[in-house]
Each structure stands twice: as structure tokens, then as C-alpha cells.
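Novice: Have a look at this one before I ask anything.
The values are calculated or read from the model by the stated rules, or taken from the named source; none is laboratory data. Computed from a predicted model, the values in this text were never measured in an experiment. Backbone-built Cβ (ideal geometry, glycine too); neighbour counts: all protein chains shown.
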Amino acid sequence: MRQRYIPTVSELQAFSACARLGATTRAAQELHLTQSAVSRSINALEERLGVRLFHRVRQRLLLSDAGRALQREAERLLADLDEAALTVMSFGGHAEVLRLAVLPSLANVWLVPRLAAFQASVPGVTLDVAARLDAVDFEAEPFDAAIQRGSHRPPGAEFLPLMDEQLVVVAAPALLGTTKILSDDEIARLPLLQQATRPTLWLDWFRHAGRDPRKILRGARFDHFDMVTSAAIAGLGVALVPEIIVDQPLGDGRLVLASDRRLAGAEPYGLIFPARSVGIAGFAKFREWLVREAQGRGRAGPLP
């Protein structure tokens, strides 16, 4: 069997403290250990690595070249371990933690506002939600599920349809003035706000209207739909966005529909998950809750 040279955590802690403080007595005080325990850890580490990490000069410890090289890595490793411990502690002892990847705008305007109801109904489950525009590799990443469009489904994953996508044209009331509904020709003469990851949406809109998309005026480009929505509210142009994203600003009057036409998205939003997630009790509860929420907003598929 190959000999292992990996230091213990206590050895790294003793080494790091001695490197910073220059004495085993001060390191022992910081670590709440005896001076002899710190000295034994340093001696064991030097013996394990086969190098001298310190020069002993007049009762002070000065780092050797090898010690200086190890100090950078030791500090990094200890910081990573501390961060990992804090991350685990932050979940407060909950039995189940579900790690979700969600389209940023969908998370901000649809999922997050509903999570209080989920936590009230399923108090034993904590959600760890990350914004994600790209498809998830469930084999390489620690996600239990994703809420994205069908095109994000990786090979081997399940896809549970939740809501169809309907895109609408919206604008700030001041931009439209007294005109309530614009024709496609009128829309084409205004700045058209762009969504960076779906740059063909306006082209699709005008193709469906039988217009030449080469003549449309391009507006500012943004990464996320909620940024596009904010730009429309600010009067920077008209936006073509999923209706689910603009429910609130349409309801409170910050935005108005600029066209009575809608564009059907090519794929629904859905829950994407690997087979391993089916056995997680918290996931089953979350999936059932998510389907009920989606049924209140649009169509949902049957549970697989």
C-alpha cells in the first residue's frame, strides 16, 4: 500500500498558528492546547513530510523555504474546511436539504415568492437555490433537481412539464402614450429590448407576423428576463418576455400590454431531475407542492 503523507487537521492548525505567531507558547494559547501538544504536532508534521518547516532561532520559530510554501496551502485548506463547516451549520440541522438550479428570472419572480408557503407546509426541508442559465450535469454537480425549460434536460434525466410558456410584448405606459395597443409595424419602430441567451425571440415574433425581421430596431441587451423587465419599466423600450415573468408589473400598472398577440414558447418550463432524486423524501414533497403551484398558473404534466 502506498504511504500517505496527508497532514492531520490538528497538525495543520498547529503549523499555521506557529507560522503566524512565531512561538509554540502563543500558538498553544490561541488553540487552547498545551505547548507540548503543539510541539508534538509540529514534530509529527515535519517527520511526516521529511522536511524542516521552521528554523529555531532564540526561542522563535522562523519559517524555512519549505514552511513558507506549505503555509499558503495550509491556510487555504483550513479556510476551505471552515467554510464547509459554516455551510453545513447554516442549514440549522434540517433533515433534508434540496439543492435546486433554477432559471434566474423564474426563481426571482415566481419560485421565491412562493417558498414561504412551501416551508410552512413542509418545515423539515430546506432549499438551497442557485440561479442557473445553463443545463445541469447531475453526474458532476451536487444538484438534486432543476427548474428550467425542456431544452435544458441532460441525457438520462427525467422531465416533468409544469407550465407552458407564453411570451407577451410589454412596455411602460409612458412609452405608449395614448396608444393602447401597437401594430407590429409600430412595435418595430421602437427600441426592442433583447434577452442575451435567447436572441432570436424578436425574430420569431416578426416571422410569425409575416414581417421582415431585418428591418427591426434593436435595443439594449440584458442577461436575464427580470433585467429586461426592469429596462421596460424604466422606459428603455418594449420587451418580449414570458407572461409569467411580468404578472406583477402588469397587475400593478408599471407595465402594459403593447400587443394583443402572444407568442407560444417552443418548450414548457419543467422540473428536471436525475433518477437518484426520486428516493429523497424531501424531493417527493417538493415535487408534489411544485405541481400544485404550477396547476394554479398553467398546465402541469402527470407525476411520473
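Novice: Whether any residue in the stretch 245-259 is touching a Lys or Arg at 6+ places or on another chain (Cβ under 7 Å) and assigned to a loop (DSSP other than H, G, I, E, B) is what I want to check.
Specialist: Within the stretch 245-259 (the criterion being touching a Lys or Arg at 6+ places or on another chain (Cβ under 7 Å) and assigned to a loop (DSSP other than H, G, I, E, B)), the answer is no, since none of the residues qualifies.
Novice: Failed condition for A117, given (1) more than 30 Å from D223 (Cα to Cα); (2) surrounded by fewer than 17 Cβ atoms within 10 Å (Cβ to Cβ); (3) not basic (K, R), with all others met?
Specialist: (1)
Novice: State the number of residues belonging to the stretch 200-218 that are surrounded by fewer than 18 Cβ atoms within 10 Å (Cβ to Cβ) and at pLDDT 85 or above.
Specialist: Residues in the stretch 200-218 being surrounded by fewer than 18 Cβ atoms within 10 Å (Cβ to Cβ) and at pLDDT 85 or above: 4 in total.
Novice: Now a separate question. Restrict the check to the stretch 94-112 and report whether at least one residue is assigned to a loop (DSSP other than H, G, I, E, B) and surrounded by fewer than 19 Cβ atoms within 10 Å (Cβ to Cβ).
Specialist: yes
Novice: Still on this structure, please answer the following. Scan the stretch 130-149 residue by residue and report those that are of a type in the set (G, A, S), in a loop (DSSP other than H, G, I, E, B) and surrounded by 15 or more Cβ atoms within 10 Å (Cβ to Cβ).
Specialist: Within the stretch 130-149, just A135 meets the criteria.
Novice: From the residues in the stretch 242-265 that are within 17 Å of W110 (Cα to Cα) and of a type in the set (D, E), which one is modelled with the lowest pLDDT?
Specialist: Looking at residues that are within 17 Å of W110 (Cα to Cα) and of a type in the set (D, E), I get D247.
Novice: Counting only residues that are in contact (Cβ under 8 Å) with a residue 60 or more places away in the chain and either assigned to a loop (DSSP other than H, G, I, E, B) or polar (S, T, N, Q) (or both), how many does the stretch 267-297 have?
Specialist: So the answer is 6.
Novice: Within the bounds of the stretch 174-196, is there any residue that is polar (S, T, N, Q), in contact with a strand residue (DSSP E or B) (Cβ under 7 Å, 6 or more places away or on another chain) and surrounded by 16 or more Cβ atoms within 10 Å (Cβ to Cβ)?
Specialist: Yes, that holds for at least one residue.
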